[in-house]
Amino acid sequence: MTYESQSRMARKLLRIGLINEYGIIEEEVIRNISGKPSLKENREIMISIAHCTHAVTVILSRNRVGIDIENLRKFDAYAAKRILSDEEQEVLERHGSLDEDFFRYWTLKESYIKALGCGFSYPVKKFKIAGFRDKIITNRPSAAFTILDGTEGFITSVCLLRGSDASDEELREIKTTIP
C-alpha cells in the first residue's frame, strides 16, 4: 500500500466516521505543527490516524485520543534503546516475547504522544509502562489505554486522555482496513 493510497483510505475512513458518528458531511481538516489532525470548525471532535505497511486506522472521540498500528515484525534493538526506559528494556528482555511485546510498548507510547499531539519530540522514555498483560499500568494516570490484538499480524493501541478510566463506548474506532 503506497503512502498516497494510505492517505486516500484515511480520508475515506475519516469521512465515514464523521458522517456516521457525528452527522458531519463535509469538514476541513487542519494539522498542528507536529502533524496531528483536527477539524477546523468542530475542534471538540478529536482525530487520530495511523497507518503501517498494510493497514490504516482512524479513531474519533470527544476526548483527546491517539491511535497507532504496527505490523508485527522482528524486534529492533536500536529502536528499543531509543524509546524504552532501562526498566522496560529489562522486562522485555527477561519476560517478553521480543517481537510482540516490543510493538506493544511501541504502539502504547506512540498512541500516547499522538493523543498529546506533540509527536516524537516528547521524551518517550519518561512515559513508563509497568505492565500490559491483564491491565495496562503506566505513570500517566490521566491516560486510559487499550491494546487491540484482534487483527493477526498487527498490534493497535489506543490512548484516551482524561481524568479517569475510559469506557469502550467513548472510543469510536472507525475501521482498520487491510486490503
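Of the accessible area of the chain, with the probe set at 1.4 angstrom, what percent is carbon plus sulfur? Carbon with sulfur: 49 percent of the solvent-accessible area. Are there trypsin sites (Lys or Arg not before Pro) in the range 10-86 that DSSP puts in a loop and that have at most 11 other Cβ atoms within 10 Å, and which ones? Filter output for the range 10-86: Lys40, Arg43, Lys74. Could you pull out the GluC sites (Glu not before Pro) across the range 1-108 that fall in loop regions by DSSP (anything but H, G, I, E, B) with no more than 12 other Cβ atoms inside 10 Å? Qualifying residues, ordered by number: Glu26, Glu28, Glu41, Glu44. Shown for the chain is the translational diffusion coefficient from the Stokes-Einstein equation, using the Kirkwood radius over Cα pairs, a temperature of 37 °C and a viscosity of 0.692 mPa s: 197 µm²/s. Taking all Cα-Cα distances within the range 82-151, those exceeding 13 Å account for 64%. Would any residue of the range 44-85 have its amide N under 17 Å from a label point 7 Å out along Cα→Cβ of Met1? List them or say none. It comes to 48-60, 67-73, nothing else. Pairwise inverse Cα distances across the range 38-86, averaged and inverted, put the Kirkwood hydrodynamic radius at 13.2 Å.
Put the Cα centre of the range 100-147 next to the Cα centre of the range 1-44 and the gap is 23 Å.
Of the trypsin sites (Lys or Arg not before Pro) found in the range 133-163, those that fall in a DSSP loop while having at most 13 other beta-carbon atoms within 10 Å are Arg133, Lys135. Sorting Met9, Met1 by accessible area puts them as Met1, Met9; the probe is 1.4 Å, largest comes first, and only protein heavy atoms count.
Membrane-span-like helices in the chain, defined purely by DSSP H runs whose alpha carbon atoms cover 24 Å or more axially and whose average Kyte-Doolittle hydropathy reaches -0.5, are 98-116. State which entries of Lys36/Lys125; Lys74/Lys126; Lys12/Lys74; Lys40/Lys125; Lys40/Lys128; Lys40/Lys114 exceed 29 angstrom in Cα-Cα distance in the structure shown. Exceeds cut-off: Lys12/Lys74; Lys40/Lys125; Lys40/Lys128.
The values are calculated or read from the model by the stated rules, or taken from the named source; none is laboratory data. As the structure is a computational prediction, the values presented were derived from the model and not from experiment. Because the Cβ atoms are built from the backbone with ideal geometry, glycine has one as well, and the counts that use them run over all protein chains shown. For accessibility, only protein heavy atoms count, side chains too; no ligands or nucleic acids. Shrake-Rupley method; radii C 1.70, N 1.55, O 1.52, S 1.80 Å.
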